[in-house]
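S.K.: This is the structure I have questions about; it appears just below.
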Amino acid sequence: MKQIIKIITPILMLFLCGTVAANNNILSQDAQISLITCSPGTEIYELFGHSGIRVLDPSKDIDVTFNYGLFDFNQEDFIYRFVRGKTDYSVGVCSTADFIMEYILRGSGVTENVLNLTQDEKIALWVFLMDNIRPENSVYRYNFIFNNCSTKLRDIFEQNINGELTYPDVSGSGLSFRDAIMLYTETSPWSQLGFDLCLGRGLDREATPYEKMFLPEILGNTVSQTTIVKADTTVNLTLQKIVISENTLVNPEPWMSPLTLGIILCVLVAALSVYAIIKHLNLRWFDAIIFSANGLFGCLILFLILFSKHPFTGANFNIIWLNPFMGIPLIFAIFNSLHRYEKFYYMIVSVVLTLFLLGSFALEQEFNPAIYPFIVMYLIRSVSYVTRWGYKLN
């Protein structure tokens, strides 16, 4: 679908821009401008749904949707730039039928908020959108919370609608950014764990009604109840809400949740540690593997803290238990001459992990429950070295 949009967009741009240039009042009195809201899909980049702006003018044979969520996986260094928070998205335009059909085919619900606009406001929005899809204006720096395919539409409405938009709090007070994200990742626990690991304490700040519109469905529900305060009157922003298709998507259950996997691994490691005690086994290479995995993830967390432009990646207390120094056991496994430092190293790790387990509730950050079995697993292995259980020193 995205490739189709890339092909159609230049063609529509040439046709529509030329028409607008000839007549800025191209939209008739019968024209409608709507917010299209699509419910979430199953892929990680579909979990939060999507939004678009529809322009419909049957008398002018216009029915197109402007989409601010276009990106290209084939961009040079896409993954690196995404991790850095330097990903560029763009706006495109396609026929509304094509736009909607993509979401209907995957089973997502599609709703339409027909906006209550004056003719001047419709024309202003139309001209703005047409100017925005020009190649020199179409690209923007994506920010998954503060500048995404949903907030862009909210901002466009504010810029082109006369009067003050008054937003209700449709999701209730006390909802943090993390809470809002978790509402849409409940059926995807691995994605939820990823968000919880990579995003720090800032994500637990309460989000304002304005900020929560980074989620398309919340934007759609908010627009449904938003009012426009003008000099002498107050009107509803939404003229009519239409359900185009119902949500029929069934999210598949993961074969195993991270919490279940963590518990299983923790039990297995505990059993292995007891067996190593009885048989006096050396588990240095086993520990090198599991601690190196921690260290690699720790490198990612540290990179996000230090270098990412994404919001809320700084001040992440997951770095206490998930950090590059946890990869040091690999060095112990390779160099026999360093074995005398093992006890000291694991003593520090044991103290740090114990303090984190006991004090994590007091930190101003919400942690995913799945991390605790993994922390206990690392603590078991660390304590085994401190007490010299279950392995030969040399």
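For every residue, the table says whether it meets (1) open to solvent by less than 60 Å² (accessible area, probe 1.4 Å); (2) modelled with pLDDT of 95 or more.
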residue	(1), (2)
Ser308	yes, no
Pro311	yes, no
Gly314	yes, no
Trp321	yes, yes
Gly327	yes, yes
Val349	yes, yes
Tyr372	no, yes
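S.K.: So in region 119-142, with the set limited to residues that are open to solvent by less than 40 Å² (accessible area, probe 1.4 Å) and farther than 18 Å from Phe157 by Cβ, which one is modelled with the lowest pLDDT?
M.R.: Once the filter is applied, the top-ranked residue is Tyr142.
S.K.: OK, next. Please list, ordered by residue number, the helices (runs of 4 or more DSSP H) wholly in region 135-204 having 1 or more residues that are of a type in the set (Gly, Ala, Ser). Please lay out each step first, then the result.
M.R.: Numbers: elements: 151-160, 177-183, 189-198.
Passing ranges, in order: 177-183, 189-198.
S.K.: Give me the residue from region 23-73 that is out of contact with any helix residue (DSSP H, G or I) (no Cβ under 9 Å at 6 or more places or on another chain) and part of a loop (DSSP other than H, G, I, E, B) and, out of that set, nearest to Ile133 (Cα to Cα).
M.R.: Ranking the qualifying residues of region 23-73, first place goes to Asn23.
S.K.: On to the next question. Please enumerate the residues belonging to region 277-306 that are open to solvent by 50 Å² or more (accessible area, probe 1.4 Å) and under 18 Å from Ser384 (Cα atoms).
M.R.: Scanning region 277-306 gives Ile277, Ile278, Lys279, His280, Leu281, Asn282, Trp285, Phe286, Ile289.
S.K.: I need every pair where a residue in region 257-279 that is on the phi < 0 side of the Ramachandran plot has its Cβ under 7 Å from the Cβ of a residue that is in a helix (DSSP H, G or I) and open to solvent by 90 Å² or more (accessible area, probe 1.4 Å), sequence separation at least 6 or different chains.
M.R.: As it stands, the answer is Pro258/Trp190, since those pairs meet every condition given.
S.K.: Kindly indicate the residue of region 71-84 that is modelled with pLDDT under 80 and under 19 Å from the mean Cα position of the chain (by Cα) and also least open to solvent (accessible area, probe 1.4 Å) among those meeting that condition. So that I can check it myself, show each step before the final result.
M.R.: Just the residues of region 71-84 that are modelled with pLDDT under 80, to begin with: 72-83.
Still in the running and under 19 Å from the mean Cα position of the chain (by Cα): 72-73, 78-83.
Values: Asp72: 40, Phe73: 119, Phe78: 16, Ile79: 116, Tyr80: 120, Arg81: 72, Phe82: 82, Val83: 38 Å².
Across region 71-84, the extreme among qualifying residues is Phe78.
S.K.: Right, something else. So which residues in region 118-134 are of a type in the set (A, V, I, L, M) and in a helix (DSSP H, G or I)?
M.R.: Here is the first cut: in region 118-134, the residues of a type in the set (A, V, I, L, M) are 123-125, 127, 129-130, 133.
Within region 118-134, Ile123, Ala124, Leu125, Val127, Leu129, Met130 meet the criteria.
S.K.: Okay, moving on. Filter region 190-218 down to the residues that are of a type in the set (D, E, K, R) and closer than 11 Å to Phe367 by Cα, then identify the one that is least open to solvent (accessible area, probe 1.4 Å). Give the steps one after another, and end with the answer.
M.R.: Keep residues of region 190-218 that are of a type in the set (D, E, K, R), which gives 196, 201, 204-206, 211-212, 217.
In the following step, the residues that additionally are closer than 11 Å to Phe367 by Cα were identified as 196, 201, 204.
Details: Asp196: 11, Arg201: 93, Asp204: 43 Å².
Among those residues, the one meeting the criterion is Asp196.
S.K.: Going through region 99-117 one residue at a time, which ones are under 30 Å from Val229 (Cβ atoms), outside any strand (DSSP E or B) and either in contact with a helix residue (DSSP H, G or I) (Cβ under 9 Å, 6 or more places away or on another chain) or of a type in the set (Phe, Trp, Tyr) (or both)?
M.R.: First, pick out the residues of region 99-117 that are under 30 Å from Val229 (Cβ atoms): 110-117.
Going one step further and asking which of them are outside any strand (DSSP E or B), we end up with 116-117.
Within region 99-117, Leu117 is the sole residue that qualifies.
S.K.: To continue, here is another question. Going by the conditions given, is Ile145 at pLDDT below 95 and under 28 Å from the mean Cα position of the chain (by Cα)? Walk me through it before giving the result.
M.R.: Values: at pLDDT below 95: yes; under 28 Å from the mean Cα position of the chain (by Cα): yes.
So Ile145 passes the test.
S.K.: Could you list, in sequence order, all residues of region 66-96 that are aromatic (Phe, Trp, Tyr), closer than 21 Å to Leu304 by Cα and in contact with a Leu (Cβ under 8 Å, 6 or more places away or on another chain)? Can you show your working first?
M.R.: Restricting attention to region 66-96, the residues satisfying the condition of being aromatic (Phe, Trp, Tyr) are 66, 68, 71, 73, 78, 80, 82, 89.
Then keep just the ones that are closer than 21 Å to Leu304 by Cα; that gives 73, 78, 80, 82, 89.
Answer for region 66-96, where residues must be aromatic (Phe, Trp, Tyr), closer than 21 Å to Leu304 by Cα and in contact with a Leu (Cβ under 8 Å, 6 or more places away or on another chain): just Tyr89.
S.K.: Another question about this same structure. Looking at region 140-149, is at least one residue in contact (Cβ under 8 Å) with a residue 60 or more places away in the chain, charged (D, E, K, R) and closer than 18 Å to Phe312 by Cα? Before the answer, list the steps.
M.R.: Here is the first cut: in region 140-149, the ones in contact (Cβ under 8 Å) with a residue 60 or more places away in the chain are 140, 142-146, 148-149.
So of that shortlist, the ones also charged (D, E, K, R) come out as none.
Scanning region 140-149, I find no residue that is in contact (Cβ under 8 Å) with a residue 60 or more places away in the chain, charged (D, E, K, R) and closer than 18 Å to Phe312 by Cα, so the answer is no.
S.K.: Also, quick follow-up: Tally up the residues in region 257-268 that are in a helix (DSSP H, G or I) and either among the polar types (S, T, N, Q) or closer than 11 Å to Ser384 by Cα (or both), please.
M.R.: Initial filter on region 257-268 (in a helix (DSSP H, G or I)): 258-268.
When the remaining residues are screened for being either among the polar types (S, T, N, Q) or closer than 11 Å to Ser384 by Cα (or both), the result is 260.
Here the count works out to 1.
The values are calculated or read from the model by the stated rules, or taken from the named source; none is laboratory data. Small disclaimer: the values here were computed from a predicted structure and weren't measured. Ideal geometry is used to build each Cβ from the backbone, glycine not excepted, and the neighbour counts take in all protein chains shown. For the accessible areas, the whole protein counts, side chains as well, though only heavy atoms, and no ligand, DNA or RNA atoms are used. Shrake-Rupley method; radii C 1.70, N 1.55, O 1.52, S 1.80 Å.
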